1. Please report, ordered by residue number, the helices (runs of 4 or more DSSP H) entirely within the range 270-362 with at least 1 residues that are over 29 Å from Glu68 (Cβ atoms) and open to solvent by less than 10 Å² (accessible area, probe 1.4 Å).
2. Please tell me if Ala234 is under 28 Å from Asp142 (Cα atoms) and open to solvent by less than 60 Å² (accessible area, probe 1.4 Å).
3. Given the conditions (1) at negative phi; (2) surrounded by 15 or more Cβ atoms within 10 Å (Cβ to Cβ); (3) in contact (Cβ under 8 Å) with a residue 40 or more places away in the chain, which single one is not true for Lys84?
4. With the range 12-106 as the region, which strands (runs of 3 or more DSSP E) entirely inside it contain at least 2 residues that are β-branched (Val, Ile, Thr)?
5. Pairs please, first residue from the range 168-194 and touching a residue at least 40 places away in the same chain (Cβ under 8 Å) and of a type in the set (S, T, N, Q), second anywhere and open to solvent by 20 Å² or more (accessible area, probe 1.4 Å) and outside any helix (DSSP H, G or I), Cβ atoms under 6 Å, 6+ apart in sequence or on different chains.
6. Can you confirm whether Arg33 is touching a residue at least 60 places away in the same chain (Cβ under 8 Å), charged (D, E, K, R) and farther than 14 Å from Ala305 by Cβ?
7. What residue, among those in the range 105-141 that are more than 11 Å from the chain's Cα centre (by Cα) and small (Gly, Ala, Ser), is most open to solvent (accessible area, probe 1.4 Å)?
Amino acid sequence: MKKMTRVALITSGGDCQGLNAAMRGIGKALYNRIANLEIFGMYDGYRGLIDGDYKFMEPKDFAGILTEGGTILGTSRQKYVPGKDIVDDEGNSLIPAMKDTYNRLNLDCLVIMGGNGTQKSAKLLMDAGMNVVTLPKTIDNDIWGTDTTFGFQSAVDIATNVIDYIHSTASSHSRVFVVELMGRDAGWLTLHAGIGSGADIILIPEIPYDISYVIKAIEERRRHGKGFSIVAVAEGAKSVTDQVLTEEESRRRREESKHSTISYEIAAQIEAAIGQEARVTIPGHYQRGGPPCPYDRVLATQFGAAAAELIVNKQYGRMVALQDGAVVSIPLEEAASRTKFLPTDHQLIKVARDIGISFGDC
């Protein structure tokens, strides 16, 4: 009798569109390729692996979930000590408990779907002796080694629609609208949604802004008879003065600020400078909710099938990726080694500048 292949699925970190589609791709491909197979779904991310909380997943569990948002397994976040450990609230290592569940279930592989932090923590599990295959999911699109991640395009679609709808009321009332989008460290989402929706100013973490240039761009539009302006702001955008602050100084400044987010600060500065009413809109978690768009359904399915192929061939320690239109895999240590920030000389930034979009830096 052939050896039983045992695989565990884990969705870790923040949820996003396409997780269920990816699991469906993995499950269907594995059941089509492997006769003796058991798939375990770990509940609530790494917590399920830590506590041994899981369900057996049969073929029927992968039916009807292609279009569902979120994750049918649930997810959670665990504290991560960069490059060293995954710990509980008291700082105790959780890796031994995770490895115990791995060994007790006699698993052949963990398939871990997650963002930038998850890729890094998955490498720690690999270093601890567990076979790992990962899939890149995040609306931030900031995972190194892949041109795009599933969840990103769905979030771009939602963020773009938000700004589309803002345009009419901004125009009707001659207001400035500051729309704050997700993206703490990288500006991919804000750049794509800003260009796709016709935003006038785009502020991203990679290009520190000078508020005087933001105000200059708005006043320039007014001089040309355009009574409203749309400012798309990544939540992690920083001014040129904030950029030079240490982490501790930045934390203290946030605590002392009377503004809850960077967008409210920018709106207040605009109103004070030019007297034009400025409103803030924050779509927040709407951006990673709801069903995946068709592009993400296809991409997540491709990634899932590619992960199954790696398992069949026992090619562990790798992340599935998209490069130049082809689905490939790269060493996990490479994906976990750095963050994919938006290059300031990226072609899309040049395109945006060419059509008159301001980045608040000139």
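The values are calculated or read from the model by the stated rules, or taken from the named source; none is laboratory data. Quantities reported herein were computed from a predicted structural model and do not represent experimental measurements. Note: ideal-geometry Cβ built from the backbone for every residue, glycine included; neighbour counts use all protein chains shown. To get the accessible areas, we keep the full protein, side chains included, count just its heavy atoms, and leave off ligands, DNA and RNA. Shrake-Rupley method; radii C 1.70, N 1.55, O 1.52, S 1.80 Å.
1. Numbers: elements: 294-312, 332-335, 347-354.
Hits in the range 270-362: 347-354.
2. Working: under 28 Å from Asp142 (Cα atoms): yes; open to solvent by less than 60 Å² (accessible area, probe 1.4 Å): yes.
Yes; evaluated as a whole, the condition is true for this residue.
3. Tallying (1) at negative phi; (2) surrounded by 15 or more Cβ atoms within 10 Å (Cβ to Cβ); (3) in contact (Cβ under 8 Å) with a residue 40 or more places away in the chain, Lys84 fails exactly one: (2).
4. Numbers: elements: 37-42, 54-57, 79-81, 85-87.
Strands (runs of 3 or more DSSP E) meeting the threshold: 85-87.
5. Ser171/Phe228; Ser174/Gly227; Ser174/Phe228
6. no
7. In this case the residue turns out to be Gly129.
For every residue, the table says whether it meets (1) at pLDDT 95 or above; (2) touching a Cys at 6+ places or on another chain (Cβ under 9 Å); (3) more than 18 Å from Ile262 (Cα to Cα); (4) of a type in the set (Ser, Thr, Tyr).
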site	(1), (2), (3), (4)
Asn161	yes, no, yes, no
Ser174	no, no, yes, yes
Gly183	no, no, no, no
Gly187	yes, no, no, no
Phe228	no, no, yes, no
